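J.: For reference, the structure I am asking about is given below.
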Amino acid sequence: MDEKELLQYYRQTGSLDALGKLYAPYMSLLYGVCYKYLQDADQSQDAVMQIFDELIQKLRIHEVDNFKSWVYVYARNYCLMQLRKDKRVTKVDIEDHLYESEQRLGGTEEKKWEERDFEKLESCMLTLNREQEQCIRMFYLEQKCYKDIADETGYGIAKVKSYLQNGRRNLKICMESK
């Protein structure tokens, strides 16, 4: 069967085998298109598979005359949508923030805390401004990451980092002075 016949057959029967025969010759072309836009081998491979999954529904709905042209444009649009989605997602490199998340308020050395230390800490927390206190509580007590804190408070990630850094510094100064 040629492409038009395979398309027709797929629309009538929904045969994934027919769709696979139609799609297989263009997989490397689509990978190249996806790689051109996404600049990542794994993402491009995933995109080629995702596009196939979407074609299962799309080709039953849309009348396609030239499959090669249509699937090329579909792949390009798919990749552009992925890039648009990625711009909305803030990515934070875990390695950049690993030290900060493992660091404890009193420094990196292990220290046995006593009841009066917790009382000092609680009274010093009250000296922080509202933003610093909120970020310190969420990060250390609720074990939330920068992104979650930013999402819940509405502060930017840079602001969250700043509030945490300044809050830690202010807590340390307050604790040492008491």
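The values are calculated or read from the model by the stated rules, or taken from the named source; none is laboratory data. Not measured: the values here are computed from a predicted model. So basically every Cβ, Gly included, is an ideal-geometry build from the backbone, and we count neighbours across all protein chains shown. Accessible surface is based on the protein model in full, side chains and every heavy atom, while ligands, DNA and RNA are left aside. Shrake-Rupley method; radii C 1.70, N 1.55, O 1.52, S 1.80 Å.
J.: What relative contact order, as a whole-number percentage, does the chain give when Cα pairs under 8 Å and 6 or more residues apart are counted?
T.: Value for the chain: 16 percent.
J.: What 222 nm value per residue comes from the helices of the chain, counting each DSSP H run with n ≥ 4 as -39,500 (n - 2.57) and dividing by all residues, nearest 500 deg cm²/dmol?
T.: Working: 10 runs with 130 residues, N = 178.
Here the helix-only value at 222 nm equals -23000 deg cm²/dmol.
J.: For the chain, just give the cysteines left without a disulfide-compatible partner, judged by no other Cys Cβ under 4.7 Å.
T.: 34, 79, 135, 145 - these cysteines have no disulfide-compatible partner (Cβ-Cβ under 4.7 Å) in the chain.
J.: Let me ask something else. Using a cut-off of under 14 Å, list every residue of segment 35-55 whose amide N is near the label point 7 Å from the Cα of residue 76 along the Cα-to-beta-carbon line.
T.: The answer is 35-38, whose backbone nitrogens lie closer than 14 Å to the label point.
J.: A follow-up question, please. If r is the Cβ-Cβ distance from residue 137 to residue 157 and R0 is 22 Å, what FRET efficiency results, to the nearest 0.05?
T.: Once rounded, the FRET efficiency stands at 0.80.
J.: Moving to a separate point now. From the list (1) 20.8; (2) 16.2; (3) 19.4, can you say which value of Kirkwood radius over Cα pairs in Å was derived from the structure given?
T.: Given (1) 20.8; (2) 16.2; (3) 19.4, the calculated one carries the label (1).
J.: Turning to a different aspect of this structure: Using Cα positions and a limit of under 19 Å, work out the lysines in reach of residue 21, with same-chain residues fewer than 8 apart set aside.
T.: Correct list for residue 21: 4, 58, 68.
J.: A further question follows. Any idea how many Lys pairs in segment 115-178 come in under 24 angstrom at the alpha carbon, given 8 or more places apart or on separate chains?
T.: 11
J.: For segment 1-56, with every protein chain kept in place, what is the accessible area per residue (1.4 Å probe, Å²)? Display every interim value, and only then the final one.
T.: On the way: 3250 Å² over 56 residues.
Accessible area per residue, segment 1-56: 58 Å².
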